[in-house]
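Here is the structure we will look at.
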Amino acid sequence: MPDVVIPVLDEAAALPSVLRGMPAGYRPIVVDNGSTDDSRAVATSLGAKVVIEPRRGFGAACWAGLGVADPEDGIVCFMDGDASLDPGDLPVVAQPILDGDADLVLGARCPTHRSAWPLHARLANRVLAAEVRRRTGAALRDLGPMRAARCVPLRGLGVSDRRSGWPLEMVLRALDAGWRVQQVNVAYAPRTGKSKVTGTVRGTAGAVRDMSRLLR
């Protein structure tokens, strides 16, 4: 069954619900990207494999988790550790890969409450997704963080961004390589705790800069 890479930065309050909600057989890999709270201890106590990635950046954390995922089982999933995404949706995201119908599946976020997705973050995502559609023809409406792919081919894509551009570069490289990319709907709830990236205007601006650089 799949490994699940969960990058975290001070998510001790959210991790219990995320890890306790893991579907049977899905193995969490929590990548601590510089937490100053008890994230590492909480993850360990709940049975997650913990990886320490001192180099800051969302992509750096995801790459570190991908590096220790078990290639024997084939599939690796990704999701945030802030409880905004429901781990119960992971099988829905992984199933097209298991069935051989897709090479990369993205979870298209469906907010459960209007506070779940701040307006500035939603608009930025909409603009970037529209640009990807224009340039590639791929019918994508969200570049969300819950996703699944085969472990070994994903490593071979050569995704090099170690900051906020990681999610977009993965999609662009996959499309360029002729991968079949699909989207499925997943629930998106208000996060637990304080946002460090897309929940803030400054964080969203940084993510847009990273992704715009990749599009250029």
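The values are calculated or read from the model by the stated rules, or taken from the named source; none is laboratory data. Since we're looking at a predicted model, the values are computed, not measured. Heads up, the Cβs are rebuilt from the backbone with ideal geometry, glycines too, and the neighbour counts pull from every protein chain shown.
Here is how the numbers come out for the structure above:
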| quantity | calculated |
| --- | --- |
| Of all residues in segment 83-116 being small (Gly, Ala, Ser), within 23 Å of Ser39 (Cβ to Cβ) and surrounded by fewer than 23 Cβ atoms within 10 Å (Cβ to Cβ), the one that is modelled with the lowest pLDDT | Ala116 |
| Tally, over segment 84-101, of residues that are part of a loop (DSSP other than H, G, I, E, B) and either closer than 16 Å to Arg27 by Cα or in contact with a Phe, Trp or Tyr (Cβ under 8 Å, 6 or more places away or on another chain) (or both) | 2 |
| Subset of segment 40-66 (residues that are more than 21 Å from Gly25 (Cβ to Cβ) and either outside any helix (DSSP H, G or I) or touching a residue at least 40 places away in the same chain (Cβ under 8 Å) (or both)) | Ile52, Glu53, Pro54, Arg55, Arg56, Gly57, Phe58, Gly59, Ala60, Ala61, Cys62, Trp63 |
| Asp210 under 18 Å from the mean Cα position of the chain (by Cα), within 25 Å of Ala60 (Cβ to Cβ), among the acidic types (Asp, Glu) and modelled with pLDDT under 90 | yes |
| Residue among Arg155, Arg173, Arg122, Arg126 that alone is free of Cβ contacts under 8 Å to residues at least 40 places away in the same chain, touching a Gly at 6+ places or on another chain (Cβ under 9 Å) and assigned to a helix (DSSP H, G or I) | Arg173 |
